[in-house]
Amino acid sequence: MIESREALASQAESDVMACIGCNDCMLACPLPQAKLVTIAELNSAVHLPVIANPRVADFVMACTQCRQCVPACPADLSRADMVLFNKMKVEDRVPNFALMLQVGARVLPSGWTLDALAERVAAVPLFASAERTDLRALLLKATLRQLAPGEILCKESEFYDRLCVVLGGALEQSIRGPGGRKVPILVLGESSFFGEMAVMSDQPEPYTAQAMAPTLVLELPKAAVHRLMSTSAAFKATMDELYRRRALWTYARTPSVLNALPEQAIGELLEKADLRTLKAGEAILREGATPTDAYLVRTGFLRVSRRVTPQAMPGQPGVTGPRAQAEDRALVYFREGDLFGLVGLLMGEKHSPFSVTATTRSEVIRIPGAHLFQVLGRYPQARAMLEGGAQNAERVARENTFMPAPAQQGKPGTQLAMSAEVLVEKGLAAGHEVVVVDQNRCVNCQNCVDACGRRHKYSRLHLWGLQVENFLFPTACRHCDDPVCLLCSVNGIVRLPSGEI
Ligand code: SF4
Ligand code: SF4
Ligand code: SF4
């Protein structure tokens, strides 16, 4: 994430100076336009205030910021950032033009121009911190939609994947109550918005949104919002804070270990809590470190592991060579709703006996230990309830009987058990819908492949993929809880309102 345009400019200029011109980044780029430009043209464009070369302009505008070029660079430079810097220069010079309006299935002149709409959007408090040039770039990807009174924009529990801003009129948000009765929740007037949870964390809409009068809505696709977050640190901070508050609020109301506590105690606990988003592979607690905080898992999976030295099986010779080295062994996994760290705090532990590392993109709520004890001091009955939940979650991780892995003889990895370790580490647990073929029964007739082809015109199912003993997990869409593919900036992968990707 680049903090600002100035930071991006200086990053791009220093990358150009370090570039050795090997062209590996362009070979990794999937765009056909990559074959029509040279590294010399792209590098020299970084120093130019205006990009006049039409081939360079075409290429940078086509760049989807997929970042496939970045790992290809032997000099550890970011071609993606250099291209983004050039792309912003081209976008800045897109002339003012008349925008179209979506009315039902029709497209009509809107009466708005790009500059006039950027002016209007800048007056919406959510975008107050963003630069006008960044807003113009955002609006190049936006849709203006006019709704008739009573028209439904999106339905409760369906995926809409857009940030929607009301520019005129009003939307009513409601939920289905008992017997399908509509229960009004909130009226969104001018400059109000919804969809921040959808674009930040892939959630279905919690409410139905329906126009109460003729209503003008600006729809911003997820990738465009993320792009604005990457170029405007202030807008990113606003979105992160909004998300943090909303995520803590919803967590406090969903079933978890906190539910046993009085509402007042939950509110006080979360007052000083912060939300941390972890990338896959990022550690939040390291073995040997002094525990200072307690954590609640909001989403994702975290591996709990301990360093162990393989030991010889009885009757086998001692372990020597590379196999004798200590390795990280997974003990258990924490998942949504688990509380960890509290047991160590209660015991006054100086060294954590295990590490906790995210295996998927995960969100954890961090409660500082000192604050936790202050709150629990005021609610002694809550303390006992939380201790029980924490001990339960950490029971396996703290078992003294944990045995180090016996040293493996022969080829490793041929006897994978159908364990949590396999399901989580291979990404299967993050899936919503997973195809499993029991190969003790499958006769390889391919009828399922043909049926899939009849349904979708070509088959999305191929009978190869992850093999775990006799179970085959074909490489097919698993409808993950956190489908990062939806960030595709050309909308090559989309989700239907029903959730199908
Ligand atoms: S980030 Fe842009 S330049 Fe890099 S590979 Fe993707 S499309 Fe190509
Ligand atoms: S791969 Fe790196 S060093 Fe090679 S041309 Fe691209 S940016 Fe320059
Ligand atoms: S190939 Fe498909 S349809 Fe045929 S037996 Fe195997 S799983 Fe069933």
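The values are calculated or read from the model by the stated rules, or taken from the named source; none is laboratory data. This is a predicted model, so every value here is computed, not measured. Counting neighbours? That spans all protein chains shown, and the Cβs are built from the backbone with ideal geometry, glycine included. Quick note on the areas: whole protein, heavy atoms, side chains included, nothing else; ligands and nucleic acids left out. Shrake-Rupley method; radii C 1.70, N 1.55, O 1.52, S 1.80 Å.
Some points to look at:
- Think of each Lys and Arg Cβ as +1 and each Asp and Glu Cβ as -1; about the Cα centre, that makes the dipole of segment 98-242 roughly 300 debye.
- Surface share of carbon and sulfur [accessible, 1.4 angstrom probe, percent] for segment 1-40: 60
- Listed residues Arg298, Arg395, Arg276 arranged by accessible area, highest first, probe 1.4 Å: Arg395, Arg276, Arg298
- Accessible-area composition of segment 254-300, carbon plus sulfur, in percent [1.4 Å probe]: 49
- Rounded percent of accessible protein surface that carbon and sulfur make up, segment 188-230, 1.4 Å probe: 59
- Annotation: per residue accessible area for segment 98-242 equals 41 Å², rounded to a whole number [probe 1.4 Å, protein chains only].
- Tensor-based shape of segment 124-267 (alpha-carbon gyration tensor, a/c under 1.5 rounded, otherwise prolate or oblate): oblate
- Gyration tensor (alpha-carbon) shape descriptor, segment 166-216, a/c threshold 1.5: oblate
- Residue-normalised accessible area of segment 5-92, expressed per residue, 1.4 Å probe, Å²: 48
- Within the assembled protein chains, the solvent-accessible surface assigned to Ile152 is about 80 Å², based on a 1.4 Å probe.
- Sequence-separation-based contact order of segment 98-242, relative, with Cα cut under 8 Å and 6+ spacing, percent: 29
- Those trypsin sites (Lys or Arg not before Pro) in segment 68-124 that DSSP places in a loop and that have at most 13 other beta carbons within 10 Å: Arg93
- The candidates Ser10, Ser201, arranged from most to least accessible area with a 1.4 Å probe in the full protein assembly, appear as Ser10, Ser201.
- Proximal aspartates and glutamates to Lys236, defined as alpha-carbon separation beneath 13 angstrom and excluding residues fewer than eight positions away on the same chain: Glu3, Glu131, Asp134, Glu196
- Here the 3J(HN,Hα) profile of segment 183-198, calculated from phi with Karplus coefficients 6.51, -1.76 and 1.60 at θ = phi - 60°, is 10, x, 10, 7, 10, 9, x, 4, 6, 7, 8, 8, x, 5, 6, 5 Hz, Gly and Pro shown as x.
- Candidates Asn53, Met88, Leu77 compared by Cα position along the dipole of segment 5-92: farthest toward the positive end lies Asn53, with charges placed on Cβ.
- Separation between Cα centres of segment 441-464 and segment 131-162, rounded to whole Å: 37
- Each residue of segment 236-246 was assigned a 3J(HN,Hα) from its phi angle through the Karplus curve 6.51 cos²θ - 1.76 cosθ + 1.60 (θ = phi - 60°); the sequence is 4, 4, 5, 5, 4, 5, 4, 5, 4, 5, 5 Hz, with glycine and proline shown as x.
- Convex hull volume of segment 5-92 per residue (C-alpha atoms, cubic angstrom): 83
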